[in-house]
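To keep things clear, I will list the structure first and then write my remarks on it.
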Amino acid sequence: MSLTAEASERQRKAAQTAKTEPKWAQETAFPIIASAIERLYRDPDKFLSRREIVRLLLHDVHSRDLIGLAYKRIKRKQSLEDYAGNMIDWFSQRWTVGDEKWSSLFKKFERSEKKIDGCWAYKPIAPSAVTVFPDDVEEETTGLPEGAVFERLVNAYERNPLARQRCIKEFGTNCSICGFSFGARYGEVVDGLIHVHHLLQLSKVGKDYKVDPIADLRPVCPNCHAVIHHRNPPYSIEEVQSFLAKVRT
């Protein structure tokens, strides 16, 4: 079978899989892929191929851990590399059919006019198209118990482009605690920058937890976010608001 025929068959299988894949799979995969494309992006004239994106997904500790957690929930006889490739094929298939659910994420990227090695390739419209704040220091997690890796997964919801976007659409980009706005303070060039904070304590969620961007996330500025995490368990938004109220009086 030729390379083109193999790619076409892979796309056909991806389309079929996308129809039957559990909803959580795409909601886990697509933000990871979007973030990987952004972080791999270096050359403004170059589209990133499926092979390049797979390589980054498995090389990057953060992405590999998240893919590994999703991989454990399937019962298919395939390698982790094949599974990562399938994630990209789902991404391409939903793009092709014009899935409105993901339009806000897709519009941050440009797709190649022609396939590269039989697959669609992508690049961000701008280098900062899906950039979010590096709220956590990326650390190697190999050998950590599943609970510790899951903690990174929950923390990742604060950087998940889709969940972040839904949170900001509901609450805006002003800090929920002090009202700070990057756009108002520094101008249009940074308008919309904001951290997104996860409200729930890890001890209160389980492995099947699914983030609710409106109930579970709030936009907060970097200063207030740092104060929230100054202790363990974190301060609540109301507690940090009370700190400000005391110094203002």
**Asked** Quick one: is Asp191 among the charged types (D, E, K, R), modelled with pLDDT under 90 and touching a strand residue (DSSP E or B) at 6+ places or on another chain (Cβ under 8 Å)?
**Response** no
**Asked** Residues Phe30, Phe47: which one is at pLDDT 75 or above, touching a Lys or Arg at 6+ places or on another chain (Cβ under 6 Å) and not aliphatic (A, V, I, L, M)?
**Response** Phe47
**Message:** Looking at (1) crowded, with 19+ Cβ neighbours inside 10 Å; (2) at pLDDT 85 or above, which one does Ser112 not meet, given that it meets all the others?
**Reply:** (1)
**Message:** Restricting to region 154-179, and then to whatever is within 16 Å of Ala29 (Cα to Cα) and part of a loop (DSSP other than H, G, I, E, B), can you tell me which residue is modelled with the highest pLDDT?
**Reply:** Asn160
**Message:** Taking the conditions exactly as written (out of contact with any Lys or Arg (no Cβ under 7 Å at 6 or more places or on another chain), modelled with pLDDT under 85 and either not β-branched (Val, Ile, Thr) or not assigned by TED's automatic domain parsing to the domain that holds Val211 (or both)), does Ser79 satisfy them or not?
**Reply:** no
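The values are calculated or read from the model by the stated rules, or taken from the named source; none is laboratory data. Fair warning: this is a prediction, and the values are worked out from it, not measured in the lab. Because the Cβ atoms are built from the backbone with ideal geometry, glycine has one as well, and the counts that use them run over all protein chains shown.
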